[in-house]
1. Examine the stretch 145-168 for a residue that is within 16 Å of ligand 2 (Cβ to nearest atom) and either among the basic types (K, R) or at pLDDT below 95 (or both), and state whether such a residue exists.
2. Here is a check on your reading of the model: is S336 at pLDDT 95 or above, among the polar types (S, T, N, Q) and surrounded by 13 or more Cβ atoms within 10 Å (Cβ to Cβ)?
3. Within the stretch 175-201, track down each residue that is among the small types (G, A, S), surrounded by fewer than 22 Cβ atoms within 10 Å (Cβ to Cβ) and within 18 Å of I161 (Cβ to Cβ).
4. Of these, G47, G102, which one is of a type in the set (G, A, S), in the same structural domain as H144 (by TED's automatic domain parsing) and out of contact with any strand residue (DSSP E or B) (no Cβ under 8 Å at 6 or more places or on another chain)?
5. Of the conditions (1) within 27 Å of E88 (Cα to Cα); (2) under 21 Å from the mean Cα position of the chain (by Cα); (3) not in a strand (DSSP E or B), L254 clears all except one; give me its number.
6. Could you please let me know if V293 is under 23 Å from the mean Cα position of the chain (by Cα), assigned to a helix (DSSP H, G or I) and surrounded by 19 or more Cβ atoms within 10 Å (Cβ to Cβ)?
7. Anything in the stretch 302-314 that is open to solvent by 10 Å² or more (accessible area, probe 1.4 Å) and either more than 16 Å from ligand 2 (Cβ to nearest atom) or touching a helix residue (DSSP H, G or I) at 6+ places or on another chain (Cβ under 9 Å) (or both)? List them, or say none.
8. For residues that are of a type in the set (A, V, I, L, M) and under 21 Å from T182 (Cβ atoms), scanning just the stretch 257-285, find the one that is most open to solvent (accessible area, probe 1.4 Å).
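The values are calculated or read from the model by the stated rules, or taken from the named source; none is laboratory data. These numbers were taken from a predicted model, which means no experiment stands behind them. Methodologically, a virtual Cβ is constructed for each residue, glycine included, from the backbone with ideal geometry; neighbour enumeration extends over all protein chains shown. Ligands, DNA and RNA are excluded from the accessible area calculation, which covers all protein heavy atoms including side chains. Shrake-Rupley method; radii C 1.70, N 1.55, O 1.52, S 1.80 Å.
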Amino acid sequence: MSDREGIEEELGGPAASEMVGSMCRRIVASRSILITSHHHPDGDAFGSSLALGLALRQLEKPVRVASDHPPPQRYRSFDPDGLVEYWEEKPPHDAFREVDLGILLDASEPSRAGCLAELIGRPGMDWICLDHHPGQRSPVFTHHWIAPRAAATGSMVLRLIDALGVKPDRSIAISLFVAIATDTGWFRFSNTSPLCLRDAARLIAAGAAPEELYGRIYEDHSPERMALLGRVFSGLKLELDGRYAWSVIDRAILESSGVPREELDGFVEAFRGIRGAQVVALVVEVEPNEFKVSLRARGGAAVDAIAASFGGGGHAKAAGFRRTGDLGDLLRRLRSKVEETLSGK
Ligand code: 5GP
Ligand code: MN
(Lines give C-alpha, C1' and ligand atoms only; values in the text may rest on other atoms or scores of the structure.)
(Ligands and ions follow the chains in the order given, each with its own letter.)
Protein backbone atom coordinates (compact mmCIF):
# COMPACT_ATOMS: atom_id res chain seq x y z
CA MET A 1 0.00 0.00 0.00
CA SER A 2 1.15 3.52 -0.59
CA ASP A 3 -0.27 6.58 1.11
CA ARG A 4 -1.93 7.46 -2.16
CA GLU A 5 -3.91 4.21 -2.29
CA GLY A 6 -5.03 4.37 1.35
CA ILE A 7 -6.00 1.52 3.61
CA GLU A 8 -8.28 -1.17 2.16
CA GLU A 9 -11.97 -1.11 3.03
CA GLU A 10 -11.83 -4.35 5.03
CA LEU A 11 -9.20 -2.87 7.32
CA GLY A 12 -11.24 0.26 7.92
CA GLY A 13 -10.93 2.27 4.68
CA PRO A 14 -10.50 6.07 4.70
CA ALA A 15 -11.25 6.37 8.44
CA ALA A 16 -8.41 3.94 9.18
CA SER A 17 -6.10 5.79 6.76
CA GLU A 18 -6.81 9.00 8.58
CA MET A 19 -6.22 7.42 11.98
CA VAL A 20 -2.98 5.80 10.83
CA GLY A 21 -1.82 9.16 9.44
CA SER A 22 -2.48 10.75 12.81
CA MET A 23 -0.74 7.81 14.59
CA CYS A 24 2.33 8.40 12.41
CA ARG A 25 2.44 12.06 13.40
CA ARG A 26 2.24 11.10 17.09
CA ILE A 27 4.97 8.49 16.61
CA VAL A 28 7.25 10.94 14.81
CA ALA A 29 6.71 13.52 17.58
CA SER A 30 7.51 11.08 20.40
CA ARG A 31 10.75 11.10 22.41
CA SER A 32 10.77 7.43 23.27
CA ILE A 33 8.41 4.56 22.46
CA LEU A 34 7.39 1.33 24.17
CA ILE A 35 5.77 -1.47 22.15
CA THR A 36 3.97 -4.27 23.94
CA SER A 37 1.30 -6.88 23.27
CA HIS A 38 -0.68 -9.47 25.20
CA HIS A 39 0.85 -11.68 27.88
CA HIS A 40 2.24 -15.03 26.79
CA PRO A 41 2.66 -13.68 23.25
CA ASP A 42 1.80 -15.86 20.26
CA GLY A 43 3.32 -15.57 16.79
CA ASP A 44 1.17 -12.58 15.83
CA ALA A 45 1.83 -10.66 19.05
CA PHE A 46 5.55 -11.42 18.92
CA GLY A 47 6.06 -10.92 15.17
CA SER A 48 4.01 -7.70 15.06
CA SER A 49 5.88 -6.22 18.03
CA LEU A 50 9.28 -7.17 16.67
CA ALA A 51 8.50 -5.86 13.17
CA LEU A 52 7.26 -2.51 14.46
CA GLY A 53 10.26 -2.25 16.79
CA LEU A 54 12.65 -2.90 13.89
CA ALA A 55 10.83 -0.36 11.70
CA LEU A 56 11.02 2.36 14.37
CA ARG A 57 14.71 1.58 14.80
CA GLN A 58 15.16 2.20 11.09
CA LEU A 59 13.65 5.63 11.70
CA GLU A 60 16.20 6.01 14.52
CA LYS A 61 13.44 6.41 17.07
CA PRO A 62 14.37 5.40 20.63
CA VAL A 63 12.21 2.28 21.01
CA ARG A 64 11.85 -0.60 23.45
CA VAL A 65 9.78 -3.73 22.89
CA ALA A 66 8.59 -5.45 26.04
CA SER A 67 6.39 -8.40 26.74
CA ASP A 68 4.89 -10.20 29.71
CA HIS A 69 6.59 -13.62 29.53
CA PRO A 70 8.66 -14.92 26.64
CA PRO A 71 6.97 -16.46 23.59
CA PRO A 72 7.68 -20.10 22.76
CA GLN A 73 11.40 -20.77 22.23
CA ARG A 74 10.90 -21.25 18.51
CA TYR A 75 9.90 -17.61 18.03
CA ARG A 76 12.81 -16.20 20.01
CA SER A 77 15.26 -17.15 17.25
CA PHE A 78 13.67 -14.46 15.08
CA ASP A 79 15.08 -11.83 17.41
CA PRO A 80 18.82 -12.61 17.41
CA ASP A 81 19.71 -9.13 18.70
CA GLY A 82 17.40 -9.48 21.69
CA LEU A 83 15.33 -6.38 20.89
CA VAL A 84 12.37 -7.79 22.82
CA GLU A 85 12.62 -7.62 26.62
CA TYR A 86 10.62 -10.08 28.71
CA TRP A 87 9.18 -9.39 32.13
CA GLU A 88 7.78 -12.12 34.34
CA GLU A 89 6.92 -9.73 37.15
CA LYS A 90 5.80 -6.15 37.29
CA PRO A 91 8.74 -3.93 36.26
CA PRO A 92 9.99 -1.35 38.80
CA HIS A 93 8.04 1.90 38.52
CA ASP A 94 10.93 3.76 36.83
CA ALA A 95 11.70 0.99 34.29
CA PHE A 96 10.13 2.93 31.41
CA ARG A 97 10.62 6.44 32.81
CA GLU A 98 11.84 7.86 29.51
CA VAL A 99 8.88 6.59 27.46
CA ASP A 100 6.18 9.07 26.40
CA LEU A 101 4.33 6.87 23.89
CA GLY A 102 3.13 3.29 24.23
CA ILE A 103 1.82 1.05 21.46
CA LEU A 104 -0.31 -1.97 22.40
CA LEU A 105 -0.62 -4.66 19.71
CA ASP A 106 -3.00 -7.62 19.25
CA ALA A 107 -5.08 -6.85 22.35
CA SER A 108 -7.33 -4.01 23.44
CA GLU A 109 -7.85 -4.49 27.17
CA PRO A 110 -4.99 -3.16 29.27
CA SER A 111 -5.22 -6.21 31.55
CA ARG A 112 -4.18 -8.40 28.60
CA ALA A 113 -0.71 -6.84 28.83
CA GLY A 114 -0.16 -8.83 32.03
CA CYS A 115 2.55 -7.40 34.27
CA LEU A 116 2.94 -4.38 31.97
CA ALA A 117 -0.76 -3.48 32.23
CA GLU A 118 -0.25 -0.67 34.76
CA LEU A 119 1.76 1.32 32.22
CA ILE A 120 -1.32 1.68 30.01
CA GLY A 121 -3.00 4.94 30.92
CA ARG A 122 -0.05 6.11 33.05
CA PRO A 123 0.11 9.92 33.32
CA GLY A 124 2.72 11.40 30.99
CA MET A 125 2.26 8.65 28.42
CA ASP A 126 -0.03 8.45 25.40
CA TRP A 127 -1.11 5.04 24.14
CA ILE A 128 -1.92 3.79 20.64
CA CYS A 129 -3.61 0.42 20.04
CA LEU A 130 -3.76 -1.81 16.95
CA ASP A 131 -5.94 -4.88 17.30
CA HIS A 132 -7.91 -7.29 15.15
CA HIS A 133 -10.10 -8.71 17.92
CA PRO A 134 -13.69 -7.48 17.81
CA GLY A 135 -14.45 -5.03 20.58
CA GLN A 136 -15.21 -1.46 21.57
CA ARG A 137 -12.84 1.46 21.23
CA SER A 138 -11.42 2.54 24.58
CA PRO A 139 -10.68 6.13 25.66
CA VAL A 140 -7.46 4.85 27.30
CA PHE A 141 -5.94 5.07 23.81
CA THR A 142 -5.46 8.34 21.90
CA HIS A 143 -5.67 6.20 18.73
CA HIS A 144 -7.48 2.84 18.78
CA TRP A 145 -7.54 1.05 15.44
CA ILE A 146 -9.69 -2.08 15.59
CA ALA A 147 -9.95 -4.10 12.36
CA PRO A 148 -11.85 -7.33 13.14
CA ARG A 149 -11.61 -8.45 9.51
CA ALA A 150 -7.82 -8.28 9.53
CA ALA A 151 -6.41 -11.80 9.54
CA ALA A 152 -3.66 -10.76 11.93
CA THR A 153 -2.35 -7.69 13.70
CA GLY A 154 0.68 -8.19 11.43
CA SER A 155 -1.36 -6.92 8.43
CA MET A 156 -2.21 -3.76 10.37
CA VAL A 157 1.40 -3.22 11.41
CA LEU A 158 2.44 -3.57 7.77
CA ARG A 159 0.17 -0.64 6.88
CA LEU A 160 1.49 1.45 9.76
CA ILE A 161 5.06 0.75 8.64
CA ASP A 162 4.13 1.71 5.06
CA ALA A 163 2.57 4.94 6.29
CA LEU A 164 5.73 5.69 8.28
CA GLY A 165 7.65 5.40 5.02
CA VAL A 166 9.73 2.39 6.11
CA LYS A 167 10.43 -0.23 3.46
CA PRO A 168 10.22 -3.67 5.12
CA ASP A 169 13.71 -5.22 5.11
CA ARG A 170 14.24 -8.98 5.36
CA SER A 171 13.95 -9.10 9.17
CA ILE A 172 10.77 -7.03 9.21
CA ALA A 173 9.32 -9.14 6.37
CA ILE A 174 10.08 -12.35 8.26
CA SER A 175 8.55 -11.04 11.49
CA LEU A 176 5.36 -9.94 9.73
CA PHE A 177 5.14 -13.16 7.75
CA VAL A 178 5.41 -15.13 11.00
CA ALA A 179 2.65 -12.95 12.51
CA ILE A 180 0.22 -13.46 9.61
CA ALA A 181 1.08 -17.10 8.87
CA THR A 182 0.74 -18.27 12.48
CA ASP A 183 -2.56 -16.44 13.10
CA THR A 184 -4.08 -17.96 9.95
CA GLY A 185 -2.80 -21.50 10.67
CA TRP A 186 -0.40 -21.10 7.75
CA PHE A 187 -3.14 -19.69 5.52
CA ARG A 188 -5.84 -22.29 6.08
CA PHE A 189 -8.16 -20.90 8.79
CA SER A 190 -11.33 -19.02 7.88
CA ASN A 191 -9.59 -15.68 8.46
CA THR A 192 -7.34 -16.32 5.44
CA SER A 193 -8.32 -13.56 3.01
CA PRO A 194 -7.16 -12.40 -0.42
CA LEU A 195 -5.72 -9.39 1.37
CA CYS A 196 -3.58 -11.37 3.81
CA LEU A 197 -2.31 -13.50 0.92
CA ARG A 198 -1.34 -10.34 -0.95
CA ASP A 199 0.51 -9.20 2.18
CA ALA A 200 2.22 -12.59 2.35
CA ALA A 201 3.25 -12.29 -1.31
CA ARG A 202 4.87 -8.94 -0.59
CA LEU A 203 6.66 -10.31 2.46
CA ILE A 204 7.95 -13.33 0.52
CA ALA A 205 9.26 -10.96 -2.15
CA ALA A 206 11.02 -9.04 0.64
CA GLY A 207 12.80 -12.14 1.92
CA ALA A 208 10.45 -14.33 4.01
CA ALA A 209 10.92 -18.01 3.03
CA PRO A 210 7.76 -19.97 3.95
CA GLU A 211 9.28 -23.46 3.99
CA GLU A 212 12.20 -22.48 6.17
CA LEU A 213 9.96 -20.50 8.53
CA TYR A 214 7.43 -23.34 8.80
CA GLY A 215 10.23 -25.74 9.69
CA ARG A 216 11.59 -23.43 12.38
CA ILE A 217 8.18 -22.93 13.95
CA TYR A 218 6.33 -26.25 13.58
CA GLU A 219 8.96 -28.91 12.91
CA ASP A 220 11.43 -28.29 15.66
CA HIS A 221 9.75 -29.60 18.80
CA SER A 222 11.44 -31.30 21.73
CA PRO A 223 10.74 -35.02 22.21
CA GLU A 224 9.25 -34.11 25.63
CA ARG A 225 6.68 -31.88 23.97
CA MET A 226 5.73 -34.63 21.52
CA ALA A 227 5.36 -37.11 24.41
CA LEU A 228 3.12 -34.66 26.26
CA LEU A 229 1.00 -34.15 23.14
CA GLY A 230 0.57 -37.93 23.04
CA ARG A 231 -0.61 -37.92 26.67
CA VAL A 232 -3.02 -35.10 25.98
CA PHE A 233 -4.49 -37.00 23.02
CA SER A 234 -4.82 -40.13 25.18
CA GLY A 235 -6.74 -38.11 27.75
CA LEU A 236 -9.10 -36.66 25.17
CA LYS A 237 -12.79 -36.80 26.06
CA LEU A 238 -15.65 -36.65 23.59
CA GLU A 239 -19.04 -35.40 24.69
CA LEU A 240 -22.31 -34.13 23.23
CA ASP A 241 -22.37 -36.86 20.58
CA GLY A 242 -18.75 -36.24 19.69
CA ARG A 243 -19.34 -32.61 18.86
CA TYR A 244 -17.33 -31.41 21.87
CA ALA A 245 -13.78 -32.67 22.43
CA TRP A 246 -11.66 -31.59 25.37
CA SER A 247 -8.61 -32.47 27.40
CA VAL A 248 -6.92 -31.25 30.57
CA ILE A 249 -3.26 -30.74 31.40
CA ASP A 250 -3.09 -30.45 35.17
CA ARG A 251 -0.12 -29.34 37.28
CA ALA A 252 1.07 -32.89 37.89
CA ILE A 253 1.10 -33.76 34.18
CA LEU A 254 2.71 -30.45 33.19
CA GLU A 255 5.43 -30.62 35.85
CA SER A 256 6.29 -34.25 35.20
CA SER A 257 6.51 -33.59 31.45
CA GLY A 258 9.31 -31.04 31.82
CA VAL A 259 7.70 -28.98 29.04
CA PRO A 260 7.63 -25.20 29.62
CA ARG A 261 4.12 -23.83 29.55
CA GLU A 262 4.71 -21.63 26.53
CA GLU A 263 5.56 -24.71 24.44
CA LEU A 264 1.90 -25.84 24.70
CA ASP A 265 1.11 -23.26 22.03
CA GLY A 266 -0.47 -25.19 19.13
CA PHE A 267 -1.78 -28.18 21.13
CA VAL A 268 -5.42 -27.19 20.85
CA GLU A 269 -5.13 -26.84 17.07
CA ALA A 270 -4.28 -30.55 16.87
CA PHE A 271 -7.75 -31.42 18.27
CA ARG A 272 -9.44 -29.67 15.39
CA GLY A 273 -8.76 -32.68 13.22
CA ILE A 274 -11.14 -34.93 15.17
CA ARG A 275 -14.03 -35.99 12.97
CA GLY A 276 -17.33 -34.49 14.06
CA ALA A 277 -15.83 -32.20 16.70
CA GLN A 278 -17.29 -28.72 16.39
CA VAL A 279 -15.92 -27.22 19.59
CA VAL A 280 -12.57 -28.28 21.05
CA ALA A 281 -11.08 -27.15 24.34
CA LEU A 282 -7.76 -27.49 26.09
CA VAL A 283 -7.71 -26.69 29.80
CA VAL A 284 -4.25 -26.06 31.26
CA GLU A 285 -3.63 -25.64 34.98
CA VAL A 286 -1.08 -22.83 34.67
CA GLU A 287 -0.84 -22.29 38.45
CA PRO A 288 -2.41 -24.41 41.19
CA ASN A 289 -6.19 -24.08 40.65
CA GLU A 290 -5.68 -21.41 37.97
CA PHE A 291 -6.74 -22.51 34.52
CA LYS A 292 -6.12 -21.21 31.02
CA VAL A 293 -8.76 -22.44 28.61
CA SER A 294 -8.22 -22.39 24.84
CA LEU A 295 -11.27 -22.90 22.61
CA ARG A 296 -11.45 -23.59 18.89
CA ALA A 297 -14.53 -23.96 16.66
CA ARG A 298 -15.17 -25.73 13.39
CA GLY A 299 -18.04 -25.63 10.93
CA GLY A 300 -20.75 -23.18 11.90
CA ALA A 301 -19.90 -23.11 15.61
CA ALA A 302 -18.44 -20.03 17.32
CA VAL A 303 -16.58 -19.87 20.64
CA ASP A 304 -16.08 -16.14 21.26
CA ALA A 305 -19.36 -15.86 23.18
CA ILE A 306 -18.41 -18.87 25.33
CA ALA A 307 -15.07 -17.25 26.21
CA ALA A 308 -16.77 -13.91 26.86
CA SER A 309 -19.22 -15.56 29.28
CA PHE A 310 -16.18 -16.53 31.37
CA GLY A 311 -14.63 -13.05 31.14
CA GLY A 312 -12.31 -13.84 28.23
CA GLY A 313 -12.49 -13.07 24.53
CA GLY A 314 -11.07 -13.73 21.09
CA HIS A 315 -12.44 -14.53 17.65
CA ALA A 316 -15.39 -16.66 16.54
CA LYS A 317 -13.12 -19.60 15.68
CA ALA A 318 -10.40 -19.13 18.34
CA ALA A 319 -10.98 -17.74 21.80
CA GLY A 320 -9.88 -18.21 25.36
CA PHE A 321 -10.15 -17.24 29.01
CA ARG A 322 -8.56 -17.74 32.42
CA ARG A 323 -10.36 -18.98 35.47
CA THR A 324 -9.44 -19.65 39.09
CA GLY A 325 -11.28 -22.25 41.16
CA ASP A 326 -12.39 -25.84 41.11
CA LEU A 327 -11.60 -27.82 37.96
CA GLY A 328 -14.72 -30.02 38.12
CA ASP A 329 -16.92 -26.96 38.43
CA LEU A 330 -15.16 -25.26 35.49
CA LEU A 331 -15.55 -28.32 33.27
CA ARG A 332 -19.28 -28.62 34.09
CA ARG A 333 -19.93 -24.95 33.33
CA LEU A 334 -17.90 -25.12 30.16
CA ARG A 335 -19.77 -28.19 28.95
CA SER A 336 -23.09 -26.51 29.56
CA LYS A 337 -22.01 -23.35 27.67
CA VAL A 338 -20.78 -25.49 24.77
CA GLU A 339 -24.08 -27.38 24.77
CA GLU A 340 -26.02 -24.09 24.66
CA THR A 341 -23.90 -22.89 21.75
CA LEU A 342 -24.24 -26.11 19.80
CA SER A 343 -28.00 -26.19 20.30
CA GLY A 344 -28.16 -22.65 18.94
CA LYS A 345 -29.56 -21.08 22.13
P1 5GP B 1 -5.23 -18.95 22.65
O2 5GP B 1 -6.20 -20.04 22.97
O3 5GP B 1 -4.37 -19.30 21.47
O4 5GP B 1 -4.47 -18.45 23.82
O5 5GP B 1 -6.10 -17.71 22.20
C6 5GP B 1 -7.00 -17.75 21.13
C7 5GP B 1 -7.62 -16.39 20.91
O8 5GP B 1 -8.37 -15.99 22.05
C9 5GP B 1 -6.59 -15.28 20.70
O10 5GP B 1 -7.10 -14.43 19.71
C11 5GP B 1 -6.50 -14.60 22.03
O12 5GP B 1 -6.17 -13.26 21.89
C13 5GP B 1 -7.88 -14.80 22.63
N14 5GP B 1 -7.79 -15.02 24.08
C15 5GP B 1 -7.21 -16.07 24.70
N16 5GP B 1 -7.29 -15.94 26.05
C17 5GP B 1 -7.95 -14.78 26.28
C18 5GP B 1 -8.34 -14.07 27.48
O19 5GP B 1 -8.10 -14.49 28.61
N20 5GP B 1 -8.99 -12.88 27.28
C21 5GP B 1 -9.26 -12.37 26.03
N22 5GP B 1 -9.91 -11.20 25.94
N23 5GP B 1 -8.91 -13.02 24.92
C24 5GP B 1 -8.27 -14.19 25.02
MN1 MN C 1 -3.57 -11.95 16.53
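1. Kept after step one, since they are within 16 Å of ligand 2 (Cβ to nearest atom), are these residues of the stretch 145-168: 145-160.
Among the residues that remain, those that are also either among the basic types (K, R) or at pLDDT below 95 (or both) are: 149, 159.
The answer is yes; a qualifying residue exists.
2. On the way: at pLDDT 95 or above: yes; among the polar types (S, T, N, Q): yes; surrounded by 13 or more Cβ atoms within 10 Å (Cβ to Cβ): no.
No; evaluated as a whole, the condition is false for this residue.
3. Initial filter on the stretch 175-201 (among the small types (G, A, S)): 175, 179, 181, 185, 190, 193, 200-201.
Next, only the ones that are surrounded by fewer than 22 Cβ atoms within 10 Å (Cβ to Cβ) stay: 185, 190, 193, 201.
Selection gives A201 alone.
4. Details: G102 fails: out of contact with any strand residue (DSSP E or B) (no Cβ under 8 Å at 6 or more places or on another chain).
Just a single option satisfies the conditions, and that option is G47.
5. Among (1) within 27 Å of E88 (Cα to Cα); (2) under 21 Å from the mean Cα position of the chain (by Cα); (3) not in a strand (DSSP E or B), L254 violates only (2).
6. On the way: under 23 Å from the mean Cα position of the chain (by Cα): yes; assigned to a helix (DSSP H, G or I): no; surrounded by 19 or more Cβ atoms within 10 Å (Cβ to Cβ): yes.
So V293 does not fit the description; no.
7. Filtering the stretch 302-314 down to residues open to solvent by 10 Å² or more (accessible area, probe 1.4 Å) leaves 302, 304-305, 308-314.
Passing the criteria: A302, A305, A308, S309, F310, G311, G312, G313, G314.
8. A270
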